[in-house]
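The values are calculated or read from the model by the stated rules, or taken from the named source; none is laboratory data. All of these numbers come straight from a predicted model, not from anything done at the bench. Backbone-built Cβ (ideal geometry, glycine too); neighbour counts: all protein chains shown.
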Amino acid sequence: MSAPSPRRWAALALIATAQFIVIMDTSIIGVALPRIQEDLGFSQENLSWVFNAYVVAFGGLLLLGGRLSDLFGARRLFGAGWLILLIGSLIAGIAPEVWVELTGRAVQGIGAALIAPSALTLLMMLFGHDPKELTKALALYGAAAPAGGTAGVFLGGVITEYLSWPWVFYINIPIALVALLATGPLMPAAPSQRGSIDVTGALTVTLGLGAAVYAVVRAPEIGWGSAQTWLVLAAAVVLLAAFVAIQARRREPLMRLSIFRTPNLAAANLTQLLLGGAWIPMWFFLNLYLQQVLGYSAFPSGAALLPMTVLIMIGMIVLAPRTINRFGPKTTTVAGLVLLAAGMGWLSLISPDGSFAADVLPASLVAALGMSLAFIPSLGTAISSARPEEGGLASGIVNTSYQVGSALGLAAMTAVAAANGAAQLGDLPALTSGFSAAFIGATGIAIAGAVLAAATLRSPAAAPAEAEPRRDSTTVPPR
């Protein structure tokens, strides 16, 4: 085994920054949404597509990104992803109308789909020599994701209040330039592999996911019983079924279906899917409640959620590893999802004349604590069984699970909120009723995740830091 890179911790800082940025880009637009809606003319029902255009492209292309990472080398894909993210950020920032904005967001998502799996593959290459170091590296990497999601809300508030909403996109440009300059010196080179690219598979899964999200988002406006809704849903099912059929028949598929026979991998990915489906709707509607009901402007709205960011950082880096070592990843995951459900159930009690101190702060902190406990062990468990040559695929699958869950969860909760009054701007009781219904729905998703994790995850024989190395894979402690 080659000696560890002396620059591995500096490289980890860049990898964690990459994870922070690609997740931050899902949330930094949250506080800016009312301004974007006003300037570009989005309807209340279609406003979530500023989020979903990014997440559908991101989630739908992550498997392709993982495959390309394995074929052409993680370092090359990491740099290419930053360049595409830079271009998409520029387009989204200068957008004069709705379709340009959504195009820019989709291009950003394509860049993120290359960055995320290659970043995790690079982390495994840098720290696979030492399970204890890898545990620390995964904790920092894992903390970057939800911290980026929550910190994006705060940064979005600062930028929207003191600059203007396009700067929530422009902020990526200098960061991307620095990342492009640092990638070569810091990141290890990996030999390219021979193989084909399953373009058909990538197109069917991306179009299928996009159709599913589109149908759910549009259903409240055109009706759940309308022919259009059911035709689009049917198209989504056909496309996703075609994707599975293509993967089963191809000699070199985008996603080897048999990988899901690996113990714990399918269960952990489903847990990540439901975790994203619960967490993302929570911050989305919490932002709207703060601004549209409590009357917060952009900066106070972002600052109001800063305590969540601090607690998540502490929970991910300090509390989660200790809890995993003592109780194991399964128990920690289940407990985290239960706490997340409790926090969101508490948030569902919001009122039109509520306050931050009573209605938001305590409930959001409980939810943040639950997220910090559930995310790390389910992430580590999902990637722990991958073969070395499928590191990109495994990281692509787990990132896809979280992002697809986020998109579908937000689409579904947007429909729930709209059906319960959230489309009636200016009517505070109706808005509150809609947002409360979305929190209740997200609570149900988190409870489903807890039940699933309790029923299907297997407990390892040893704690993560003590796990024995696998002979057929890069050693990644189950987390």
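Quick notes on this structure:
- Which listed residue is within 26 Å of S43 (Cβ to Cβ) and assigned by TED's automatic domain parsing to the domain that holds P377, from G208, G225, G276: G276
- Candidates are the residues of segment 216-235 that are small (G, A, S) and at pLDDT 80 or above; the one that is nearest to L114 (Cα to Cα) is A235.
- For segment 340-349, filtered to residues that are surrounded by fewer than 23 Cβ atoms within 10 Å (Cβ to Cβ) and hydrophobic (A, V, I, L, M, F, W, C), the residue that is nearest to the chain's Cα centre (by Cα) is A342.
- Looking only at segment 43-83, residues that are among the aromatic types (F, W, Y) and within 26 Å of L239 (Cβ to Cβ) come to 4 in all.
- Number of the condition not met by A219 [criteria: (1) crowded, with 21+ Cβ neighbours inside 10 Å; (2) aliphatic (A, V, I, L, M); (3) under 21 Å from the mean Cα position of the chain (by Cα); (4) outside the structural domain of S48 (by TED's automatic domain parsing)]: (3)
- Filtered residue count, segment 256-283, keeping only those that are farther than 14 Å from A367 by Cα and in a helix (DSSP H, G or I): 15
- Scanning segment 163-200 for residues that are modelled with pLDDT under 85 and outside any loop (DSSP other than H, G, I, E, B) yields a single hit, V199.
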